[in-house]
């Protein structure tokens, strides 16, 4: 699908987080993008954040022949928040669901869900568990390193 403009292609965070949100919601997991704080309600839920890194050095070509950086290293972070009273089963189940999904995530990030970008080289980068005793919450950040690239057919007329 051709993007409406070049700026749309450089909104990688919004597009990848939105596709990730769709995937989790398809499993009835309440999920939010980093720019949706007013939507966050009571636990359990998952916050999704794409931390875009540097360009990989690969270039894509728009329809007029101009070269643009078109691939970036990134970290896709799923912050799982559950109530401590239910955390014994619910929290570890959420972590397991996300790890399982991301094993085959390249097939889940379809062009329908992610029309302008492709995600490749997805690998688990680690998990950081924490406990917020005051709020009675268990929180884990499960991170995945990946490459986010512009789909070749997404380049618009400039």
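The values are calculated or read from the model by the stated rules, or taken from the named source; none is laboratory data. Note that the structure is predicted; figures quoted are calculated from it, not measured. Virtual Cβ from ideal backbone geometry, glycine too; neighbours counted across all protein chains shown.
Show the residue pairs meeting these rules: Cβ distance below 7 Å; 6+ apart or different chains; first residue within the range 1-12 and within 15 Å of residue 50 (Cβ to Cβ); second residue assigned to a helix (DSSP H, G or I).
Going by the 7 Å Cβ cut-off, the qualifying pairs are 9/154.
Determine the pairs where a residue that is crowded, with 18+ Cβ neighbours inside 10 Å, located within the range 33-46, has a partner that is at pLDDT below 80 and not in a loop (DSSP other than H, G, I, E, B) with Cβ atoms under 8 Å apart, the partner being 6 or more residues away or on another chain.
44/86
I'm trying to understand the selection: among the residues of the range 53-71, which are farther than 30 Å from residue 82 by Cα and surrounded by 12 or more Cβ atoms within 10 Å (Cβ to Cβ)? Talk me through it step by step, then tell me what you get.
Looking only at the range 53-71, we keep the residues that are farther than 30 Å from residue 82 by Cα, and these are 54-71.
Within the range 53-71, 55, 56, 58, 59, 60, 61, 62, 66, 68, 69, 70, 71 qualify.
As an exercise: evaluate residue 80 against (1) assigned to a strand (DSSP E or B); (2) at pLDDT 95 or above; (3) buried (at least 21 other Cβ atoms within 10 Å of the Cβ) and give the number of the one condition it does not meet.
(2)
Just a yes or no: is a residue in the range 105-125 surrounded by 19 or more Cβ atoms within 10 Å (Cβ to Cβ), over 18 Å from residue 48 (Cβ atoms) and either free of Cβ contacts under 8 Å to residues at least 24 places away in the same chain or touching a helix residue (DSSP H, G or I) at 6+ places or on another chain (Cβ under 6 Å) (or both)?
Checked against the condition, which is being surrounded by 19 or more Cβ atoms within 10 Å (Cβ to Cβ), over 18 Å from residue 48 (Cβ atoms) and either free of Cβ contacts under 8 Å to residues at least 24 places away in the same chain or touching a helix residue (DSSP H, G or I) at 6+ places or on another chain (Cβ under 6 Å) (or both), the range 105-125 yields no hits at all.
Name the one entry in 50, 9 that is surrounded by 15 or more Cβ atoms within 10 Å (Cβ to Cβ) and either over 22 Å from residue 91 (Cα atoms) or over 15 Å from the mean Cα position of the chain (by Cα) (or both).
Values: 50 fails: either over 22 Å from residue 91 (Cα atoms) or over 15 Å from the mean Cα position of the chain (by Cα) (or both).
Every option except 9 fails the conditions.
Mind listing whichever residues of the range 24-56 are modelled with pLDDT of 95 or more and either part of a loop (DSSP other than H, G, I, E, B) or under 15 Å from residue 113 (Cα atoms) (or both)?
56 - this is the single residue of the range 24-56 that is modelled with pLDDT of 95 or more and either part of a loop (DSSP other than H, G, I, E, B) or under 15 Å from residue 113 (Cα atoms) (or both).
Provide a single number: the residues in the range 94-104 that are farther than 17 Å from residue 50 by Cα and either free of Cβ contacts under 8 Å to residues at least 12 places away in the same chain or in contact with a helix residue (DSSP H, G or I) (Cβ under 7 Å, 6 or more places away or on another chain) (or both). I'd like the intermediate steps shown before the answer.
First, pick out the residues of the range 94-104 that are farther than 17 Å from residue 50 by Cα: 94-97, 100, 103-104.
Remaining after also requiring either free of Cβ contacts under 8 Å to residues at least 12 places away in the same chain or in contact with a helix residue (DSSP H, G or I) (Cβ under 7 Å, 6 or more places away or on another chain) (or both): 96, 100, 103-104.
Residues flagged as farther than 17 Å from residue 50 by Cα and either free of Cβ contacts under 8 Å to residues at least 12 places away in the same chain or in contact with a helix residue (DSSP H, G or I) (Cβ under 7 Å, 6 or more places away or on another chain) (or both) within the range 94-104 amount to 4.
Go through the range 1-15 and report how many residues are assigned to a loop (DSSP other than H, G, I, E, B) and out of contact with any helix residue (DSSP H, G or I) (no Cβ under 7 Å at 6 or more places or on another chain). Step through it out loud before you land on a result.
Just the residues of the range 1-15 that are assigned to a loop (DSSP other than H, G, I, E, B), to begin with: 1-5, 10-11.
In the following step, the residues that additionally are out of contact with any helix residue (DSSP H, G or I) (no Cβ under 7 Å at 6 or more places or on another chain) were identified as 4-5, 10-11.
Total meeting the criteria: 4.
Checking the condition within 12 Å of the chain's Cα centre (by Cα) and either at pLDDT below 95 or surrounded by 16 or more Cβ atoms within 10 Å (Cβ to Cβ) (or both), which residue from 131, 147 passes?
Values: 131 fails: within 12 Å of the chain's Cα centre (by Cα).
147 is the lone residue from the list that is within 12 Å of the chain's Cα centre (by Cα) and either at pLDDT below 95 or surrounded by 16 or more Cβ atoms within 10 Å (Cβ to Cβ) (or both).
Being under 30 Å from residue 157 (Cα atoms) and either touching a residue at least 24 places away in the same chain (Cβ under 8 Å) or assigned to a loop (DSSP other than H, G, I, E, B) (or both) is true for just one of 85, 73, 140. Which residue is that? Outline the logic, then answer.
Values: 85 fails: under 30 Å from residue 157 (Cα atoms); 140 fails: under 30 Å from residue 157 (Cα atoms).
Result of the check over 85, 73, 140: 73.
Exactly one of these conditions fails for residue 128: (1) in contact with a helix residue (DSSP H, G or I) (Cβ under 7 Å, 6 or more places away or on another chain); (2) part of a strand (DSSP E or B). Give me its number.
Result: residue 128 passes all but (1).
Which numbered condition in (1) more than 18 Å from residue 25 (Cα to Cα); (2) touching a helix residue (DSSP H, G or I) at 6+ places or on another chain (Cβ under 9 Å) is the only one that residue 149 fails?
That leaves (2) as the condition not met.
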